[in-house]
Each structure stands twice: as structure tokens, then as C-alpha cells.
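What follows draws every value from the coordinates through simple rules; no lab data is involved. Every value quoted in this text rests on a predicted model; they were computed, and no experiment measured them. Cβ sites come from the backbone with ideal geometry, for glycine too, and all protein chains shown count toward neighbours.
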Amino acid sequence: MPVMLDAFDENFQLIVWNQECERVTGFTAAEVLGKSVVMEQFYPDPVYRQQMMAAWTERGHNYRNWEWEVTCKDGSIRTVSWSNLSDLFPVPGWTSWGIGVDVTDRTQAQRTLQDLNTLLEQRVAERTAQLEETNQELQAFTYSVSHDLRAPLRVMQGFAQALQEDYGDRLDAMAQTYLQSITTSAIQMDTLISDLLAYSRLTRAQMELRPTDLNQVVAQAHHQVQPQIAATGATVAIAPHLPTVIAHAPTLVQVVANLLSNALKFVTPGIPPQITIEFALQENQVCLNVRDNGIGIAPEHQQRIFRVFERLHGVETYPGTGIGLAIVEKGIERMMGRAGVESQLGQGSRFWILLPGAGTL
Ligand code: ADP
């Protein structure tokens with residue numbers, strides 16, 4: 001790489017100005033050597049010149065790789081990285097001397113990169129804002145549709161009930177079955193709507209995260225599924241001394257209750273569910289595990305079951321709406337955590353949630 005070389009005498013007049021100095025600045029040696037006005041030429045802006053001279057004096061003329069913006073003969077500005085070497089290699093007669101490298105291309109590339117970065121960040125911010133807006137509109141839409149669907153459904157349920165009460169004795173067995181199907185479907189749809197509303201609320205609600213005692217969360221979730229436990233004859237073993245995590249307690253209770261409810265539900269008929277709740281510490285995070293002895297999930301389905309409405313069985317085999325795990329995933333995501341499953345078909349499952357430990361606050 002060609003290097004610029006210059007030197008000043010004790011009167012601060014240029015006495016060395018090599019070819020590379022000429023090439024970079026456009027000023028020939030004849031134009032600058034022995035002149036005392038060179039500084040005004042190279043740094044015409046008085047403010048910049050003053051700053052530079054002040055810094056120069058302050059550093060005692062000894063500096064390395066100091067980048068200056070030199071104004072060239074044609075008015076263009078080039079960045080030169082100067083190192084003054086007078087202290088290291090004193091040369092008789094050269095009061096101050098140094099070498100410089102033209103780094104204009106590099107600094108320009110850096111600036112372009114910075115500009116591009118800024119542009120990119122702006123674009124990302126704009127797109128994110130657009131996405132958030134669309135998302136909010138979609139959520140508002142889901143909410144209002146779910147809400148509005150409830151009114152006609154209630155009417156249907158009401159009339160089915162009236163039919164049963166007022167005309168039940170005049171309906172034959174077939175008509176009774178039809179009526180029962182209407183009522184069952186209406187209840188199923190009502191549950192679906194409640195679940196959708198719960199999911200929708202979860203995505204919109206403000207969530208304040210604070211230290212949350214997992215012992216209490218698990219106890220509350222356990223209490224919620226008590227009827228299912230009683231009905232199935234399940235055993236639920238809960239590890240003592242669960243740690244504290246950073247979470248939104250009501251949402252976490254709902255998440256754990258959903259996992260428990262699934263562990264109680266997806267078992268081979270006739271086999272009492274056996275569930276274990278325990279934890280593992282992973283650096284600053286807490287992994288809560290819900291293990292069951294249920295039907296298990298084939299690896300190829302393990303991701304999709306966390307999406308809304310994704311179910312692996314018909315409602316006649318295992319009732320449900322397909323929203324429980326979507327609530328788990330969304331809830332945990334809103335609490336800065338992650339959720340997943342480890343399972344093999346027929347060998348039970350381990351559903352896990354990973355949350356920041358209380359020490360991370
Ligand atoms: P739902 O329980 O209403 O069907 P979820 O979203 O909670 O909906 O679960 C989605 C699907 O994931 C279930 O229909 C079931 O096929 C599967 N699944 C969830 N939990 C378990 C489990 N513990 N064992 C086996 N399969 C499960």
C-alpha cells in the first residue's frame with residue numbers, strides 16, 4: 001500500500017511531501033514545500049482546523065492512526081489516517097514528521113453501510129408497525145365475531161330446551177336423539193367460542209410479569225381439574241419446593257391447567273392417568289415438566305398441535321376444541337418463555353414450559 005510521508009521543520013513549514021501526498025491531495029511538492037499557509041489549504045474550515053490544531057498540540061504531535069479529513073486541491077475531501085512518528089524515529093531537521101494512508105474508500109464504505117443499516121432499521125420498524133396494526137385488527141375481528149356468534153347460539157340452545165320441555169313427551173325416540181344432537185353441538189360450539197375468546201383475550205391483554213410461586217400456580221391448576229381427576233381415578237404427583245418464576249400468574253395457572261387437563265384426557269380408555277409435575281433448573285431458567293402415561297404423540301404432529309384448532313382425534317373419541325395448546329403457547333410466549341413436547345406414540349408425553357427464573361428480574 002502506498003504511504004504518504006511528510007515532515008515539518010521547526011518553523012512549521014513543510015519540508016517533505018512525497019509522491020503519494022501529491023497523488024492523494026492533488027497538491028504538488030512545489031506548491032506546498034516551504035509554505036506556511038498549508039494548513040489553511042488542507043483544512044479551510046476554520047472551526048475544523050482549530051479543533052484539529054488544538055488536538056494536535058494536546059497530543060504533543062505524537063499520535064497513531066488519527067483520521068483527518070483533508071481538503072484536496074480540486075475541493076474534494078479525503079480521509080487520511082496519519083501517524084506521527086517523530087517520537088519513535090527522530091530525524092535531524094524534521095521537527096515533526098509522519099506517514100499517512102488514504103482510507104477514504106474504507107470510511108465511505110463504512111458510512112454507506114451505516115446509512116443502509118439505518119434504512120433497514122427504519123424499514124423493519126415500519127413493517128413491524130404495519131404488522132402490529134393488522135394483527136390488532138384481526139384480533140379485534142376475532143373477538144367481535146366470537147362475541148356476536150354467541151347470541152344466535154343461545155337462541156338455538158334456548159329453543160332446543162323449550163322443545164324438550166314443552167313437547168318432549170310427544171317426540172319419539174328418533175326426534176329425541178336429533179334434539180340431543182342439536183344440544184350437544186350447541187354446547188360444543190359454545191365451548192369453542194369461549195376458548196376462542198380466551199385465546200383472543202390472551203393475545204390482547206396487558207400482562208404484568210412478576211415473581212410467581214410455581215407451588216401456588218400448580219396447586220390452583222390442580223384444583224381446577226379436580227373433577228377430571230376424580231372422574232378418571234388419576235394420580236398426580238407434584239414435586240415439592242417448586243421454584244419461583246417471572247410470569248403472569250393467572251395466565252400461568254391457565255397454561256398448567258390446560259396441560260393437566262390434556263394429560264388427564266388423552267389416555268387409553270380404562271387406564272388411570274398417572275401424571276408427574278416436576279422441574280429442572282437451566283441456568284437462569286426454570287423448566288416445568290408435565291409428564292403423563294397417555295397415548296403419546298407421533299413426532300411429525302408435535303409442532304402442529306400447538307396451533308389453533310389442530311387436533312389429532314375426532315371429538316367423539318376425545319372431546320375438545322383444539323385451542324388448549326394454542327393458549328399454552330401464546331401465554332408462554334407472552335411471558336417471554338417457550339413451550340414444547342417430547343413424546344412417542346403410545347409411550348406418554350412430557351410437555352415442558354421454560355420460563356425465566358425469579359433471579360433474572
Ligand atoms: P384439545 O385438548 O381441545 O383437543 P389442545 O390444543 O389442548 O386441544 O391439544 C391439541 C391436540 O394435541 C389434542 O387434540 C391431542 O391430539 C394432542 N394432545 C394434547 N395433549 C396431549 C397429551 N397429553 N397426550 C397426547 N396427545 C395430546
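Modelled spin-label separation between Cys72 and Phe12, with each label point placed 7 Å from Cα along the Cα-to-Cβ direction: 2.7 nm.
What shape does segment 1-136 take by its C-alpha gyration tensor, where a ≥ b ≥ c are the square roots of the eigenvalues and a/c under 1.5 counts as rounded, a/b above b/c as prolate, and the rest as oblate? Here segment 1-136 falls in the prolate category. Taking the Cα centre of segment 234-354 as origin and assigning +1 to Lys and Arg Cβ atoms and -1 to Asp and Glu Cβ atoms, the resulting dipole is close to 160 debye. The Arg127 and Leu163 beta-carbon pair, evaluated with R₀ = 41 Å, returns a calculated FRET efficiency of approximately 0.15. Between the listed residues Leu149, Gln136, Ala198, the Cα displaced farthest toward the positive end of the dipole of segment 108-202, a dipole computed from Cβ unit charges relative to the Cα centre, is found at Gln136.
Ranking Leu355, Thr276, Ala54 by Cα position along the charge dipole of the chain, where only Lys, Arg, Asp and Glu carry charges on their C-beta atoms, puts Thr276 farthest toward the positive end.
Stretching the chain fully between Ile238 and Ile187 yields a gain of 15.1 nm (0.36 nm per residue, less the alpha carbon separation). Ratio of Rg to Rh for the chain: 1.36 [Cα atoms; Kirkwood radius as inverse mean 1/r over pairs].
Using the Cβ-Cβ distance between Ala205 and Gln19 with R0 set to 56 Å, the FRET efficiency from 1/(1 + (r/R0)^6) comes to roughly 0.20.
The charge dipole of segment 88-165, taken about its Cα centre with unit charges on the Cβ atoms of Lys, Arg (+1), Asp and Glu (-1) only, comes to about 120 debye. Could you give the nm distance between label points at Asp87 and Gln216, where each point is 7 Å from its Cα heading toward the beta carbon? Each label point lies 7 Å from its Cα, and together they span 6.3 nm. Residues considered: His301, His61, His241. Largest GNM mean-square fluctuation over the chain, using C-alpha springs under 10 Å, is found at His61.
Ordering Ile182, Ala125, Gly158 by Cα displacement along the dipole of segment 89-187 toward the positive end leaves Ala125 in first place; charges were set at the Cβ atoms of Lys, Arg (+1) and Asp, Glu (-1). With a cut-off of 19 Å, note down the residues of segment 232-263 whose backbone N falls inside the zone around a label point 7 Å from the Cα of Leu281 toward its beta carbon. What the label zone holds, given the 19 Å backbone N cut-off, is 239-247. Taking 7 Å steps out from each Cα toward its Cβ at Met39 and Gln302 produces label points 7.2 nm apart. Within 10 Å, at most 11 other Cβ atoms, and a DSSP state outside H, G, I, E, B define an exposed site. Report the longest part of the chain free of exposed GluC sites (Glu not before Pro). Between exposed loop sites, the widest span is 11-207.
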